[in-house]
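Worksheet: the structure to be examined is printed underneath.
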Amino acid sequence: MEKIRLGISTCLLGENVRYDGGHKLDRFLTETLGQYVDYVPVCPEVECGLPVPRESMHLEGDPEAPRLVTSRTKQDMTERMLQWARKRVGELESENLMGFVFKSDSPSSGMERVRVYNEKGMAVKKGVGMFARAFMQHFPLLPVEEEGRLHDPRLRENFIERIFAFKRWRDVLSRNGDRGDLVDFHTKHKLLILSHSTKHYEAMGKRVAQTKGIPLKDLYQHYQALLLESLQLKTTPKKNANVLMHMMGYFKEQLSPDEKQEVLELIDLYRKEFLPLIVPVTLIKHFVRKYDQPYLKEQVYLNPHPMELQLRNHV
Ligand code: SF4
């Protein structure tokens, strides 16, 4: 599979670009996820012309529209950063990015909960880094995360599932797909979508079925919005257990009472969070393979991202 292109804050790759001359290497991103990803590094502070090392900066003023100010000498870097960020997000359009991993807590790169100081020097964690804000406004549909949040197994699994789904979707778009391609994509992603949102699963099914009189471009656009919106909604053990039970319905004829009982017990233990998702999924995959179940073997839900990442071993 062609590698996924992902934007990243440069210091997370181990480059010495931070204000103190150091880096914030994240080995999961570089060594593990890095096997599947081509990173496009962006360091707002260095790329807008500041040296390494440099005076540290922070946000201050209105958390919705803060100023970027150096901490000791109080130089206002806001206009410089905003001008550069506007230009840089335009350049990134040609990079075919599937998402971005930001460095947390940075006044330039932080995605959320960045400190913003008031005139008394008190901070509230309500800000967004200047470049991160410009990026998210310019690419509202792209999956974004911070390296700190990616240490949470559920957030990690969700983000990586989204970038892989987005990559498959972009592949359909790049082929100038027809209605048949859309139906095919939707069919294969049905259970994945269902694991996030029943509401979106139903709406997207209707959208794909009622194609008469709707221009293909509009159909694709509307479907894409629903797809990305649905995948943003977190899966839960309860939602996944419902999908697993739904899959069990395809084996009514084949499984012995004993086999059925075993799967039901594993699904229940997973739902109660005594077992990780990988356990019931592995058993169902075994039956899909053994009985060559045609619909289920095409379901992305069973293989949404490379097994080697072991993402379902921890959720
Ligand atoms: S947090 Fe952002 S601005 Fe700071 S060093 Fe890392 S990439 Fe550069």
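The values are calculated or read from the model by the stated rules, or taken from the named source; none is laboratory data. Everything numeric in this text was worked out from a predicted model, so none of it was measured. We place every Cβ from the backbone using ideal geometry, glycine too, and count neighbours over all the protein chains shown. Note: areas computed on protein heavy atoms with side chains; ligands, DNA, RNA excluded. Shrake-Rupley method; radii C 1.70, N 1.55, O 1.52, S 1.80 Å.
Within the stretch 112-142, which residues are at pLDDT below 95 and under 28 Å from His314 (Cβ atoms)? Passing the criteria: Leu141, Leu142. The residues of the stretch 120-138 that are within 25 Å of Gln83 (Cα to Cα) and more than 14 Å from the ligand (Cβ to nearest atom), listed by number, are Lys125, Lys126, Met136, Gln137, His138. Arg179 meets all of the listed conditions (1) open to solvent by less than 30 Å² (accessible area, probe 1.4 Å); (2) touching a residue at least 24 places away in the same chain (Cβ under 8 Å); (3) of a type outside the set (S, T, N, Q) but one, namely (1).
Looking at the stretch 253-262, can you tell me whether even one residue there is open to solvent by 50 Å² or more (accessible area, probe 1.4 Å) and touching a residue at least 40 places away in the same chain (Cβ under 8 Å)? The answer is no; no qualifying residue exists.
How many residues does the stretch 138-165 contain that are under 22 Å from Val114 (Cβ atoms), open to solvent by 40 Å² or more (accessible area, probe 1.4 Å) and either under 11 Å from the mean Cα position of the chain (by Cα) or of a type in the set (Lys, Arg) (or both)?
Residues in the stretch 138-165 being under 22 Å from Val114 (Cβ atoms), open to solvent by 40 Å² or more (accessible area, probe 1.4 Å) and either under 11 Å from the mean Cα position of the chain (by Cα) or of a type in the set (Lys, Arg) (or both): 2 in total.
On the stretch given as the stretch 198-252, residues that are free of Cβ contacts under 8 Å to residues at least 24 places away in the same chain and assigned to a loop (DSSP other than H, G, I, E, B) total 7. Under 14 Å from Gln221 (Cα atoms) and either open to solvent by less than 20 Å² (accessible area, probe 1.4 Å) or free of Cβ contacts under 8 Å to residues at least 24 places away in the same chain (or both), is that true of Leu191? For Leu191, the condition - under 14 Å from Gln221 (Cα atoms) and either open to solvent by less than 20 Å² (accessible area, probe 1.4 Å) or free of Cβ contacts under 8 Å to residues at least 24 places away in the same chain (or both) - is not met.
With (1) within 18 Å of Tyr295 (Cβ to Cβ); (2) open to solvent by less than 50 Å² (accessible area, probe 1.4 Å); (3) at pLDDT 95 or above as the list, and Val208 as the residue in question, which single condition is left unmet? The failed condition is (3).
Residues of the stretch 6-18 that are within 9 Å of the ligand (Cβ to nearest atom) and open to solvent by less than 30 Å² (accessible area, probe 1.4 Å): Ile8, Ser9, Thr10, Cys11, Leu12, Val17. For the stretch 19-45, taking the residues that are near the ligand (Cβ under 8 Å from one of its atoms) and open to solvent by less than 50 Å² (accessible area, probe 1.4 Å), the one that is farthest from the chain's Cα centre (by Cα) is identified as Glu45. Scanning the stretch 263-277 for residues that are surrounded by 18 or more Cβ atoms within 10 Å (Cβ to Cβ) and part of a helix (DSSP H, G or I) returns Val263, Leu266, Ile267, Tyr270, Arg271. Listed by position, the strands (runs of 3 or more DSSP E) inside the stretch 46-137 whose residues that are buried (at least 20 other Cβ atoms within 10 Å of the Cβ) and touching a residue at least 60 places away in the same chain (Cβ under 8 Å) number at least 2 are 100-102.
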